[in-house]
Amino acid sequence: MQDPILPGPECTTMAEVRRGVDAVDRALIALIARRFAYMDAAARIKPTRGTVRDEARKAQVIANVRAHATAAGVPEAPIADIWNRLIEASIAYELEAFDAVRSS
């Protein structure tokens, strides 16, 4: 049987911390895969390649994330930076998906 994943405040060893971090990382990857599935849908739905990049939407998403970070008690600046990178990776992925959908 695998050792339990403890909440962060209950960890007393680095092994417990690492198990928790690894579990969170697995969950984050699953959520990112789910997010990228929406990029596939966007690539299929958007009418032109030029509509893939939407700076107003990007700003809205980052503002939302900043607010959620603040509400969760985590530092908003690094979270906004992470989301900026995630959005840029999502745009690059969506552009590739857009091209792939139209070339088949």
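The values are calculated or read from the model by the stated rules, or taken from the named source; none is laboratory data. Quick caveat, the model's predicted, so the values are computed rather than measured. We place every Cβ from the backbone using ideal geometry, glycine too, and count neighbours over all the protein chains shown.
Here are a few things to note about the model shown:
- Residue match in region 77-92 (condition: modelled with pLDDT of 95 or more and in a loop (DSSP other than H, G, I, E, B)): no
- Number of residues in region 7-20 that are surrounded by 10 or more Cβ atoms within 10 Å (Cβ to Cβ), hydrophobic (A, V, I, L, M, F, W, C) and either part of a helix (DSSP H, G or I) or touching a residue at least 12 places away in the same chain (Cβ under 8 Å) (or both): the value is 2.
- Pair list, Cβ under 9 Å, 6 or more apart: region 21-40 residue more than 16 Å from Tyr93 (Cα to Cα), other residue outside any helix (DSSP H, G or I): Asp22/Ile5; Ala23/Ile5; Val24/Ile5
- Going through (1) in a helix (DSSP H, G or I); (2) surrounded by fewer than 10 Cβ atoms within 10 Å (Cβ to Cβ) one by one, Pro47 falls short only on (1).
- Residues that are over 30 Å from Ala100 (Cα atoms) and among the acidic types (Asp, Glu) occur at least once in region 15-34.
- Cβ pairs under 6 Å, 6+ apart, first in region 53-66 and of a type in the set (D, E, K, R), second outside any loop (DSSP other than H, G, I, E, B) and surrounded by 11 or more Cβ atoms within 10 Å (Cβ to Cβ): Arg53/Ile91; Lys58/Ile87; Arg66/Glu76; Arg66/Ala80
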